[in-house]
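The structure appears below as structure tokens.
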Amino acid sequence: MEPLIQIKDLVKVYSLGEMEVKALRGVSLSIERSEFVAVMGASGSGKSTFMNILGFLDRPTSGQYLLEGIEGEHLSRDELAEIRNQKIGFVFQGFNLLSRTSAIENVRLPLIYAHHPSRKRQEMAEKALSAVGLKGREHHHPSQLSGGEQQRVAIARALVNQPSILLADEPTGNLDSKTSEEIMTIFKKLNQEMGITIVMITHEPDIAAYGKRKVLFKDGRIVEDSVS
Amino acid sequence: MTALLASLRIALRALLVNKMRSALTMLGIVIGVGAVIAMIAVGSGAKKRIADQIASMGSNLFVVLSGSATSGGMRWGSGTVPTLTADDAKAIATEIPGVKYVAPSYNGVAQIVFGNQNWSTVVHGSTSELFEIRDWQFVSGRSFTQLDIDGAAKVCILGKTVVDNLFGGIDPIGQIVRIRKFPFTVIGVLAGKGQSAWGQDQDDIIFVPLTTAQKRLFGMQFPGMVRSISVQAHGPEVMKEVESQIVDLLRQRHRLQPAQENDFSVRNLTEVASSAEESAKVMSLLLGAIASISLIVGGIGIMNIMLVSVTERTREIGIRIAVGAKGKDILLQFLIESMVLSLVGGLLGIGVGIAGTLILSSITQWPTLFSVQAILLAFLFSGSVGVFFGFYPARKASLLNPIEALRYE
């Protein structure tokens, strides 16, 4: 069986006016199903750019990226949106929930764009919320939830479409250490019990320790790739 | 379909979050649609009144007036020199083929007395053809007979205003009124015609036989003299021809040399009236156009608010695009928002427009006329204003770069 993610010689160059910034300078990597990868690196090392390309939010300047054998290079904006909707779940540092919208409605959001019937949407959203331990808090608004709970809503939203991969960008960056631990426990559980593939950016070594594999970025290149 | 419903729900929720802002944005459209409906109602009311007045005047109508006097280089107005006679009228009727009816008139002002009531009004001497020309119906009684005309009978036909002022609920038919001390028997009562296109009360009038006016009431400078002759042509297509034939005939009868000016004038009343109708049409078009401008200004208000809203919700749009919203999902969401604003505003505007028109017409007594087409048009126009002015902000939202949108603070 082919790997879930195959990346070869990935290069990303931003042009800021006259200046060219090389964010990625040839990255090659493959990730199997059910892996839990922690991506580390200093800021400016290219890990966020890597994550955006992995999430089909950005396109590489050159090189190849295949997700389940699909290449995004020649796809339209809308086709990329559909891939994000079906195959990718995002968890952000700042939670990025819609305020003034209840937890369950936030979780339902990807399903709306997947055009599932509304009863099915409700069922799937309830299931995802109870998977992150938020049963009974469906109708709370983000402002009524703690940071940890908000991030759990975000995780439920990322999971609700049963994606191939969960991409987390500093998921504990806005949380205290105790809440961070809770969130990481959820990630670990999702990975071990449900076999969900997770790629997580972090700069904290103790958070990265939850991952089974560590990838270190420096100056747009992978300088270390180790399995613990 | 489910996508559309979902977008509708998202849009409604977003509008309800900012109730005050939505209401104020809508107000622009409410005022715009209301103004369009009210202005069209006022304009078409005025147009209808003029059309009614033209119909009440009679169609394809000429009035031939006596000429103007010249004394010491000073010319007086039409009718100051009596030149027309009842025989001229008879000649027009018999010698010009395009003529349908001819009615010579001789009128003056007199005091009318009935019992202890009195009223000063126009006493109009004419023949029964006048009622045909002006399509004037009788409420009761009869018109003049040839016998009345030949014998200068002391009979009269009353306009509605005169009846209202002299007879308090008494049936006037058969009653005796005094005109310049002579007793006249009332033989007919006319239906009300209302105001003329020139604002006169057409019903404030008494008709007597032409000969009675000439011989008994007002006297004549020469036999058979009349002040004006009303002529009705068979149709609009012969108007020009009939007009020149009347001129030729009267010049010949009055023995005018080619170098002499006409001692009479012919006026085409239908032409005068239709130019009044034309100006009413232009006026109502102008009113509608001015009101439409306010609707467009309302639309610009929507665009402004939608642009603010898109900027404010950049992060929300970024989240939606990241979790799989396509360009058309975002476009539709914001387009629906602006359309809901403009359509709800349009509906309220219809109510405001109708209420405003009713209030306006009850205060000013202007005639107004609502038309379903105008209301539908204003509503559809408001909807298209929503689409037109909502499109740019919505498109801007749908083209946002998700990475930048997610980073937006």
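The values are calculated or read from the model by the stated rules, or taken from the named source; none is laboratory data. Nothing here was measured: the structure is a model prediction, and the numbers come from that model. A quick note on method: Cβ atoms are made from the backbone with ideal geometry, for glycine too, and the neighbour counts reach across all protein chains shown.
A few notes on this one:
- Cβ-Cβ under 9 Å pairs, at least 6 apart or on other chains, the stretch A:187-207 side within 12 Å of A:G173 (Cα to Cα) and without any contact (Cβ under 8 Å) to a residue 40 or more places away in the chain, far side of a type in the set (S, T, N, Q) and crowded, with 20+ Cβ neighbours inside 10 Å: A:E204/A:T172; A:E204/A:S180
- Residue list for the stretch B:177-200, filter: closer than 25 Å to B:G219 by Cβ and free of Cβ contacts under 8 Å to residues at least 24 places away in the same chain: B:K181
- Neighbours by Cβ (under 6 Å, 6+ apart or cross-chain): first from the stretch B:317-332, more than 7 Å from chain A (Cβ to nearest Cβ); second in a loop (DSSP other than H, G, I, E, B) and surrounded by fewer than 24 Cβ atoms within 10 Å (Cβ to Cβ): B:I317/B:L400
- Listing of helices (runs of 4 or more DSSP H) fully contained in the stretch A:140-228 that carry 3 or more residues being among the β-branched types (V, I, T) and modelled with pLDDT under 95: A:177-194
- Residue in the stretch B:194-211 that is over 37 Å from the mean Cα position of the chain (by Cα) and either among the small types (G, A, S) or in a loop (DSSP other than H, G, I, E, B) (or both) present: no
- A:R59 part of a loop (DSSP other than H, G, I, E, B), of a type in the set (K, R) and more than 16 Å from B:R320 (Cα to Cα): yes
- Failed criterion for A:K87 (all others in (1) surrounded by fewer than 18 Cβ atoms within 10 Å (Cβ to Cβ); (2) over 22 Å from A:N174 (Cβ atoms) hold): (1)
- Leading residue by the ranking (modelled with the highest pLDDT) among those in the stretch A:32-70 that are basic (K, R) and surrounded by fewer than 17 Cβ atoms within 10 Å (Cβ to Cβ): A:R33
- Test set (1) modelled with pLDDT under 90; (2) farther than 26 Å from B:L250 by Cα; (3) surrounded by fewer than 20 Cβ atoms within 10 Å (Cβ to Cβ) - B:A23 fails condition number: (1)
- Contact map, the stretch A:9-34: first residue farther than 14 Å from A:P60 by Cα, second residue assigned to a strand (DSSP E or B) and of a type in the set (D, E), Cβ cut-off under 9 Å, separation 6 or more or different chains; pairs are A:L29/A:D225.
- Of all residues in the stretch B:208-226, none that is on the phi > 0 side of the Ramachandran plot and not assigned by TED's automatic domain parsing to the domain that holds B:P183 has its Cβ atom under 8 Å from the Cβ atom of a residue that is assigned to a loop (DSSP other than H, G, I, E, B) and not hydroxyl-bearing (S, T, Y), 6 or more apart or on another chain.
- Within the stretch B:1-52, the residues that satisfy the criterion of being more than 42 Å from the chain's Cα centre (by Cα) and β-branched (V, I, T) are B:T2, B:I10, B:V17.
- Among the conditions (1) within 9 Å of chain B (Cβ to nearest Cβ); (2) of a type in the set (A, V, I, L, M, F, W, C); (3) surrounded by fewer than 19 Cβ atoms within 10 Å (Cβ to Cβ), A:L75 misses just one, which is (1).
- Looking only at residues of the stretch A:159-170 that are in contact (Cβ under 8 Å) with a residue 40 or more places away in the chain and either farther than 20 Å from A:L109 by Cβ or more than 9 Å from the chain's Cα centre (by Cα) (or both), we find that the one that is surrounded by the fewest Cβ atoms within 10 Å (Cβ to Cβ) is A:S164.
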